[in-house]
Amino acid sequence: MNKMVKKSEVVSLATGLTRPSRDEAEAAVRTLIRWAGDDPDREGLLGTPDRVVRSYEEFFRGYDEDPSEMLQRTFEEVEGYDEVVVLRDIRLESHCEHHMVPIIGKVHVGYLPDKRVVGISKLARVVDAFAFRLQIQEKLTAQIANTLQEVLQPRGVAVVIEAAHQCMTTRGVHKSDVAMVTSRMLGAFRDNGETRREFLTMIGRTSV
Ligand SMILES: [Zn+2]
């Protein structure tokens with residue numbers, strides 16, 4: 001994955017902030033191990049700071065990606081196609097910004113094209129670019145929808161996210177089977193009940 005190489009860049013593309021050095025990041029992990037009550041110098045933990053820092057490069061690679069740029073290439077030869085386009089059940093892997101533990105779920109994205117369409121894999125890449133950051137589900141939902149609306153300028157955008165938050169399942173209130181559902185409907189999906197229902201049917205829901 002060539003994307004991960006970029007993470008070693010000193011400045012975060014998303015924030016413009018300079019990253020600490022790798023050594024500093026590993027020292028922070030050692031501190032957290034001691035905070036947990038263990039000894040970072042025992043054999044089983046010696047390689048852990050390095051592994052955690054490398055895991056962060058995967059979990060948070062979205063900070064070096066530009067979602068708007070991913071949508072720049074569009075196709076106009078669509079033979080007048082003007083129906084809803086839906087990509088459903090996109091696997092969501094993110095991290096909650098309050099506890100830094102996983103949010104796992106599904107994202108459904110729909111839009112109603114206005115003359116141009118985008119390669120469907122790009123929709124999934126936009127989801128990932130925002131998901132591989134520290135997030136709350138509400139913000140993630142809005143960021144995906146707003147970016148699609150601004151860049152593609154379609155007649156409408158719909159985003160529904162269903163996800164489980166490990167900060168609820170493995171800590172805090174310990175509720176295991178709860179899914180949080182968020183949605184953002186723009187343009188025709190907001191104004192036209194029929195278009196919204198068509199989208200919800202396509203993703204297998206009767207409501208959000
Ligand atoms: Zn949380």
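The values are calculated or read from the model by the stated rules, or taken from the named source; none is laboratory data. What you see is a predicted model, and the numbers here were worked out from it, not measured in a lab. We place every Cβ from the backbone using ideal geometry, glycine too, and count neighbours over all the protein chains shown.
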Query raised in the report: Name the pairs whose Cβ atoms lie under 6 Å apart, with the first residue in the range 153-171 and over 13 Å from Phe199 (Cβ atoms), the second in a loop (DSSP other than H, G, I, E, B) and more than 11 Å from the ligand (Cβ to nearest atom), and 6 or more positions between them or separate chains?
Result: Glu162/Ala179; Ala164/Ala179; Met168/Lys175; Thr169/Ser176
Report summary line: The one condition Ser183 fails out of (1) under 21 Å from the mean Cα position of the chain (by Cα); (2) part of a helix (DSSP H, G or I); (3) polar (S, T, N, Q) is (2)
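Going through the range 111-124 one residue at a time, which ones are of a type outside the set (Lys, Arg), surrounded by fewer than 21 Cβ atoms within 10 Å (Cβ to Cβ) and modelled with pLDDT under 95?
Of the range 111-124, the ones of a type outside the set (Lys, Arg) are 111-114, 117-121, 123-124.
Subsequent filtering for residues that are surrounded by fewer than 21 Cβ atoms within 10 Å (Cβ to Cβ) retains 114, 117, 119-121, 124.
Within the range 111-124, Asp114, Val117, Gly119, Ile120, Ser121 meet the criteria.
In the list His95, His108, which residue meets the criterion of being within 30 Å of Met180 (Cα to Cα), modelled with pLDDT of 95 or more and away from the ligand (no atom under 16 Å from the Cβ)?
Criteria check complete, one pass: His108.
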Report task. Please list, ordered by first then second residue, the pairs with beta carbon atoms under 7 Å, 6 or more apart or interchain, first in the range 11-28 and farther than 12 Å from Asp50 by Cα, second in a loop (DSSP other than H, G, I, E, B) and of a type in the set (Val, Ile, Thr). Result -> Thr18/Val10; Arg19/Val10
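Quick one: which residue in Ile90, Ile136, Ile103 is in contact with a His (Cβ under 6 Å, 6 or more places away or on another chain), modelled with pLDDT of 95 or more and not acidic (Asp, Glu)? Working first, answer last.
On the way: Ile90 fails: in contact with a His (Cβ under 6 Å, 6 or more places away or on another chain); Ile136 fails: in contact with a His (Cβ under 6 Å, 6 or more places away or on another chain).
Matching residue, one of Ile90, Ile136, Ile103: Ile103.
Any residue at all in the range 67-78 that is more than 30 Å from Leu123 (Cα to Cα), surrounded by 11 or more Cβ atoms within 10 Å (Cβ to Cβ) and without any contact (Cβ under 8 Å) to a residue 60 or more places away in the chain?
Step one: of the range 67-78, the residues more than 30 Å from Leu123 (Cα to Cα) are none.
Checked against the condition, which is being more than 30 Å from Leu123 (Cα to Cα), surrounded by 11 or more Cβ atoms within 10 Å (Cβ to Cβ) and without any contact (Cβ under 8 Å) to a residue 60 or more places away in the chain, the range 67-78 yields no hits at all.
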